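Asks: For reference, the structure I am asking about is given below.
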Amino acid sequence: MTWHDALQGIEELEDAEFDAGLLTEMERHAARNRDRLIRFSTPTFKEYESSELSSCGKNTFPAFSITAAGCALMCDHCEAKILEPMIPAVKPDILDARVRQLVETEGLQGFLLSGGSNKRNEINYSKFYPVIEGLKRDFPQMRIAIHTALTDRAGAKEMEASGVDVAMLDIIGAEETIRKVYHLDRPVDDFEETVAALCETSMQISPHIVIGLHYGRILGEENALDILSRYDTKALVLVVIMPFYAKPGTFVTPDAHEVGRIFLAARQRLPDRQVLLGCARPPGMHKRVTDAYAVMAGLDGIAFPADGAVAVAGVTGRPFHQAHACCSIKLGESGATTNIATLASTSCAA
Ligand code: SF4
């Protein structure tokens, strides 16, 4: 039975439409991916429940914003809305107190540090680094991820020295997107140079590509993949633009089949890396189709998998595993293949 036929037997995908040509192409590469373990992550800072997997219900990996809901860039796709659900921690002592409290009350095991950026797409975390140092000293097992935004070698070294474990950033492959969507006057090369600077540290690097960032169109994603293929980042996180964060009428929802093609391109260009689908993507049937493509393209993990994703793993014969953690970090795991930055909680220009 072909994958196309097998998908029709999955109840959750009853009304789903797939691109037959793309399915055939994905199935052609099935043998290459059959033994790849797929990890279904259910991070804890968002309510989650699917018919196939459940949330652990604890706040063990929250996200903090050092600017609360403020951001100077106000990118067209976000307008700082991604910061709203984060815990505001605008002063170092607030961050310190909240983290220590959550360790006691919720068993916090790590956190994501984020914030809105300045007009140059930079975030100045300097005054928060002593807090990170103190937390790492008192809780050596704590895992700390950070949205780096654009930075240079000195900035990357400062981050590393404080004890940050995982550095996350978005890679944009089209100058037009940087200018129009981000309102930012910086070249694609600055994103590449940030990756290069971060790769010179011992931090785990977790780059993201936002598929459809150019108002829902595919533009520059393949260039972003090419950039990453030049650096040893171990992992890549793909997310799909969510137009409902933008002003009505400015973005279209990216075609799910085109998204699936980017998944396949990523798998082919980065065959030895963890390629993961992060939390952000359009909901509903679009998400079911997207997640099915992610499993069939051979991605290594999916955050908040849609109903049907587990069944699709069954169709492809791939083994799977459920993890409760920020998808950026595999908590409590070690070893060359597992101790890596994997997914990301959210994607942000910052
Ligand atoms: S993506 Fe990041 S930089 Fe852009 S508006 Fe949102 S928070 Fe600000």
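Asks: Would you pick out the residues in the stretch 70-102 that are more than 9 Å from the ligand (Cβ to nearest atom), of a type in the set (A, V, I, L, M, F, W, C) and under 24 Å from the mean Cα position of the chain (by Cα)?
Replies: Matches in the stretch 70-102: Met86, Ile87, Ala89, Val90, Leu95, Val99, Leu102.
Asks: If you don't mind, there's one more thing I want to ask. Suppose we filter the stretch 145-163 for residues that are buried (at least 16 other Cβ atoms within 10 Å of the Cβ), in contact with a Ser or Thr (Cβ under 9 Å, 6 or more places away or on another chain) and in a loop (DSSP other than H, G, I, E, B); how many remain?
Replies: Number satisfying all stated conditions: 3.
Asks: Being surrounded by fewer than 21 Cβ atoms within 10 Å (Cβ to Cβ) and assigned to a loop (DSSP other than H, G, I, E, B) narrows it down to one of Thr253, Thr233, so name that one.
Replies: The unique qualifying residue is Thr253.
Asks: Would you be able to say whether some residue in the stretch 183-203 is part of a strand (DSSP E or B), modelled with pLDDT of 95 or more and surrounded by 17 or more Cβ atoms within 10 Å (Cβ to Cβ)?
Replies: For the stretch 183-203, residues part of a strand (DSSP E or B), modelled with pLDDT of 95 or more and surrounded by 17 or more Cβ atoms within 10 Å (Cβ to Cβ): absent.
Asks: Ala149: at pLDDT 95 or above, touching an Asp or Glu at 6+ places or on another chain (Cβ under 8 Å), away from the ligand (no atom under 16 Å from the Cβ) and of a type in the set (A, V, I, L, M), yes or no?
Replies: No; evaluated as a whole, the condition is false for this residue.
Asks: Another question, then. Could we say that Asp190 is of a type in the set (D, E, K, R) and either away from the ligand (no atom under 16 Å from the Cβ) or in contact with a Ser or Thr (Cβ under 6 Å, 6 or more places away or on another chain) (or both) here?
Replies: Spelling it out, it is not the case that Asp190 is of a type in the set (D, E, K, R) and either away from the ligand (no atom under 16 Å from the Cβ) or in contact with a Ser or Thr (Cβ under 6 Å, 6 or more places away or on another chain) (or both).
Asks: Identify all residues within the stretch 103-114 that are more than 10 Å from the ligand (Cβ to nearest atom), surrounded by 13 or more Cβ atoms within 10 Å (Cβ to Cβ) and not in a loop (DSSP other than H, G, I, E, B); write none if there are none.
Replies: Across the stretch 103-114, the qualifying residues are Val103, Glu106, Gly110, Phe111, Leu112, Leu113.
Asks: Output yes when any residue across the stretch 115-132 is closer than 20 Å to Thr194 by Cβ, more than 13 Å from the ligand (Cβ to nearest atom) and among the hydrophobic types (A, V, I, L, M, F, W, C), and no when none is.
Replies: Yes, the stretch 115-132 contains at least one residue that is closer than 20 Å to Thr194 by Cβ, more than 13 Å from the ligand (Cβ to nearest atom) and among the hydrophobic types (A, V, I, L, M, F, W, C).
The values are calculated or read from the model by the stated rules, or taken from the named source; none is laboratory data. Keep in mind that what you see is a predicted model, and the values were worked out from it rather than measured. Positions of Cβ are backbone-derived with ideal geometry, glycine not excepted, and every protein chain shown enters the neighbour counts.
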